[in-house]
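Engineer: For reference, the structure I am asking about is given below.
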Amino acid sequence: GDSVTQMEGPVTLSEEAFLTINCTYTATGYPSLFWYVQYPGEGLQLLLKATKADDKGSNKGFEATYRKETTSFHLEKGSVQVSDSAVYFCALMNNFNKFYFGSGTKLNVKP
Amino acid sequence: GAVVSQHPSWVICKSGTSVKIECRSLDFQATTMFWYRQFPKQSLMLMATSNEGSKATYEQGVEKDKFLINHASLTLSTLTVTSAHPEDSSFYICSARAGSVGNTIYFGEGSWLTVV
């Protein structure tokens, strides 16, 4: 069945460091791919998305490219800030609008 | 943009009681709504899919008699946790879709349930 695998956390970085959170997926058909962010005590917020192969989603300095050949959608940011500390979820939406989420990666950014 | 709102955001209830969580689409008609739960430090798991005016479709392993879902109108779906137990304590989040498959889905802010 459809599934998403993302790197385990927590990931601890210093401010202005480069961030990569790996995400790979398994799906039939042509899923859309998403990164959601969850700040402490809050719900999910869409960070970025890509709906087809080779699309690059970007927002707030984060970006991820839909790689069909490697079934990946890795999240990157060139320079993280303390305010980026949160849990990041990779997700896919299949052709039936069902979402499958990764287990989440907690990011801690230290000043 | 489209907004999906959940209420309450936080609720504490006693074991054995029932609690209702509402999910409303504020500026669009949601023909389909989805309910998820998130255990601490785990990912979100789809519980059920509800279509307006019909019975919800539950995922494998989700007790439909315990988690009652009603989608009575195009802007409201409710999740009722019946005879709640401490193990039902979780974060419940809904999402809503306007129209047919392929349209954008919007997530609510989520509801934290604590059963004591």
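The values are calculated or read from the model by the stated rules, or taken from the named source; none is laboratory data. Note that this is a predicted model, so its numbers are computed, not measured. Cβ: placed from backbone, ideal geometry, glycine included. Neighbour counts: every protein chain shown. All accessible areas refer to the heavy atoms of the entire protein, side chains included, with ligands and DNA or RNA removed. Shrake-Rupley method; radii C 1.70, N 1.55, O 1.52, S 1.80 Å.
Engineer: Mean shadow of chain B, computed from the convex hull of its alpha carbons, in nm²?
Structural biologist: Projected area, direction-averaged: 6.9 nm².
Engineer: Given a 1.4 Å probe and no ligands, DNA or RNA in the count, how much accessible surface is buried by A and B, both sides, to the nearest 100 Å²?
Structural biologist: 1400 Å²
Engineer: Continuing with this model, one more query. What's the carbon and sulfur percent of the protein assembly as shown's accessible surface, probe 1.4 angstrom, rounded to a whole number?
Structural biologist: 51 percent
Engineer: Which residues in the stretch A:79-94 place their backbone N less than 13 Å from a point set 7 Å from the Cα of A:PHE18 along the Cα-to-Cβ direction?
Structural biologist: Under cut-off, by backbone N: A:79-80.
Engineer: Moving to a separate point now. At q = 0.18, 0.19, 0.25 Å⁻¹, what log₁₀ I(q)/I(0) does the stretch A:49-111 have when each alpha carbon counts as one equal point scatterer in the Debye sum?
Structural biologist: -0.74, -0.81, -1.19
Engineer: Dividing the convex hull volume of the alpha carbon atoms of the stretch A:27-75 by its residue count, what do you get in Å³ per residue?
Structural biologist: 82 Å³
Engineer: Provide the descending list of Cα extents for chain A along its principal axes, expressed in whole angstroms.
Structural biologist: 43, 27, 21
Engineer: Over all directions, average the projected area of the Cα convex hull of the protein assembly as shown and note it in nm².
Structural biologist: That works out to 12.3 nm², a quarter of the Cα hull's surface.
Engineer: Here's another thing I want to ask about it. Do you know which residues of the stretch B:14-63 lose at least 20 square angstrom of accessible area in the protein assembly compared with their chain on its own, with a 1.4 angstrom probe?
Structural biologist: B:PHE34, B:TYR36, B:GLN38, B:SER43, B:LEU44, B:LEU46, B:GLU59
Engineer: A follow-up question, please. Please tell me which of these pairs span more than 26 angstrom C-alpha to C-alpha: A:LYS56/A:LYS98; A:LYS98/B:LYS20; A:LYS56/A:LYS110; A:LYS49/B:LYS64; A:LYS49/A:LYS106?
Structural biologist: In this structure, A:LYS56/A:LYS110; A:LYS49/B:LYS64 lie more than 26 Å apart at Cα.
Engineer: In percent, what relative contact order does chain A have, based on Cα pairs under 8 Å that are 6 or more apart in sequence?
Structural biologist: RCO, chain A: 38 percent.
Engineer: Straight-line reach from B:LYS14: which aspartates and glutamates have Cα under 17 Å away, leaving out those fewer than 8 places along the same chain?
Structural biologist: B:GLU87, B:ASP88
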